[in-house]
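Student: Pasting a structure below so you can have a look.
The values are calculated or read from the model by the stated rules, or taken from the named source; none is laboratory data. Here the structure is a predicted model, which means the values were calculated and not measured. In this analysis, Cβ positions are derived from the backbone assuming ideal geometry, glycine residues included, and neighbour counts consider all displayed protein chains. Surface accessibility is based on the protein's heavy atoms, side chains included, excluding ligands, DNA and RNA. Shrake-Rupley method; radii C 1.70, N 1.55, O 1.52, S 1.80 Å.
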Amino acid sequence: MSAPPRVTPASAGYRRVFAVPEFRAVFAAHVLSMLGVIVSEIALSLLVYDLTRSPLLSALTFALGFLPYAVGGTLLAPVADRFPARRVLVTCDLVCAGCVALMTAPGAGIGPLLALRCALAVVSPVFAGTRMATLADVLGDGELFVLGRSLLRIVAQSTLLVGYGLGGLLLTAVSPRHALLITVGTFLASAALLRCGTRPRPARTRRGTGTPPGVDALFADRRVRVLLLLFWMPAAFSVVPEALAAPYADELGSSSAGLGLLMCALPVGTVAGELFAGARLGPVARERVALPLLCPTLLPYLGFALRPGLTASLLLLLLSGAGSAYTLGLDQWFVRAVPQELRGRAMTVLSAGLMTAQGVGMALAGVAAQVAGVRTAVAGAGAAGVLCCCGLAVAARATESRDGAARHMTDG
């Protein structure tokens, strides 16, 4: 078990991470694969709509990006540790490229297209979990790992902001099937970067070592269970405004530009918060503020009960997004709490659970808004989320000695 991280100058920030050649390859591959996923989602949704003229089936292509995560994360999690990480990453990219290539076949019907979309979603948590575990191999399980993981999250948020716009522009110039062919190239380029830019490492566990084949070993540890919930539960509540952005913009009488701003506000706040915490705070400070930041991060949602206008709503979302900087402290606790031989499956389960929680949160947000109204649903998510976060913070304090964390790291 690793010792708590040493204090390092905060001014070094993210620059030290990019000084590691292997991380640069992982980072570039992450950008390419994210762009491939986003453009393929847009192109496939448009392709399905062109074939069926059905808004329901078009929306279903996006929903299928969430639902199979739980299946892939649960059934395939051991793959991340049973095989060499580089082989798993490259294979996942090649599988994604193959699935998208099959989508471009002229005779592909709706059933095969949606099945291939499910296949992509099943593979995604294995890829994400293995990549995160590889970060710990490349950067160690201390300060550099936290900053590297933060950078990948920032890229994910930023790519969402930029990718949908670029994808829309791309589809004005080429057909959906041609756009899908372009994403095949991004997946292949990502595979090439990972194959040539990272060095081979043996599998973390092998058959016959006595390591449980599934995820039971993770959930048997109370500290790990609490940390997983600390990642999952706030995310389930935080997505409510994004899920309800369209009807909320309609209530405000905002244009499509207002809707776009509402969709962007939370990710912008998240990126700003992570950049500040990663660049300006040292490792001890980030762990010390993790739980104090977690508890009120959803508190701004209560402001929606006051019927704010567009500007005030954007400020509330920016403030809530900035509070998500607490995840940098959680990253360090999680990587210390999980044994190295289980790290791949732990990261896979974490990724799968996060996406599943967000999907469930979006679905429940729609139900709540239908019954009680949009503003009430958002404010209710804030109230329930704050109570949930405070309860989880208490549970985290009760288990903090399990990963060697000093008490001062969570003291105010």
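Student: Just the projected area, averaged over all directions, of the convex hull on the alpha carbon atoms of segment 217-358: how many nm²?
Tutor: 9.2
Student: Whole-Hz ³J(HN,Hα) for each residue in segment 136-145, computed from phi via Karplus 6.51 cos²θ - 1.76 cosθ + 1.60 with θ = phi - 60°, x for glycine and proline: what do you get?
Tutor: 5, 5, 7, 10, x, 9, x, 4, 5, 4
Student: Something else about it: Mind telling me which of 373, 269, 359 comes out most flexible in a GNM of the chain, alpha-carbon contacts under 10 Å?
Tutor: Ranking 373, 269, 359 by mean-square fluctuation puts 373 first.
Student: Could you give me the ³J(HN,Hα) list for segment 99-105, computed from phi with Karplus coefficients 6.51, -1.76, 1.60 and θ = phi - 60°, whole Hz, x at Gly and Pro?
Tutor: Karplus-based 3J(HN,Hα) across segment 99-105 equals 4, 5, 4, 5, 5, 7, 4 Hz.
Student: Among 178, 30, what's the order by accessible area (1.4 angstrom probe), most exposed first?
Tutor: 178, 30
Student: If you don't mind, there's one more thing I want to ask. Mind putting a number on the dipole of the chain about its Cα centre? Charges go on the C-beta only, +1 for Lys and Arg and -1 for Asp and Glu, and I need it in Debye to the nearest 20.
Tutor: 980
Student: Heavy atoms of the protein only, probe of 1.4 Å, neighbouring chains included. What is the accessible area of residue 91 in Å², nearest 10?
Tutor: Roughly 70 Å² of residue 91 is accessible to a 1.4 Å probe.
Student: Roughly how many Å² of residue 172 are accessible to a 1.4 Å probe, to the nearest 10?
Tutor: Looks like 120 Å² after rounding.
Student: Only Lys, Arg, Asp and Glu count, each charged at its Cβ (+1, +1, -1, -1), so figure out the dipole size of segment 169-313 about its Cα centre, rounded to 20 debye.
Tutor: The calculated dipole for segment 169-313 is roughly 960 debye.
Student: Let me ask something else about it. May I ask you to rank 154, 110 by accessible area, largest first, using a 1.4 Å probe over the protein chains only?
Tutor: From most exposed to least exposed: 110, 154.
Student: Could you work out how much longer the chain between residue 216 and residue 24 gets when fully extended? Use 0.36 nm per residue separation minus the Cα distance between them, nm to one decimal.
Tutor: Using 0.36 nm per residue and subtracting the Cα-Cα distance, I get 65.7 nm.
Student: Bin width 20 Å, origin at 0, all Cα-Cα pairs of the chain: what percent of pairs per bin?
Tutor: 27, 60, 14, 0
Student: Next up: So what is the relative contact order of the chain, in percent, for Cα pairs below 8 Å that sit 6 or more residues apart?
Tutor: Computed value for the chain: 28 percent relative contact order.
Student: Report the accessible area of residue 219, computed with a 1.4 Å probe over the heavy atoms of all protein chains in place, in Å² rounded to the nearest 10.
Tutor: The accessible area of residue 219 comes to roughly 80 Å².
Student: Ordering 345, 16, 375 from largest to smallest accessible area (1.4 angstrom probe), what's the sequence?
Tutor: If we order 345, 16, 375 from most to least accessible, we get 16, 375, 345.
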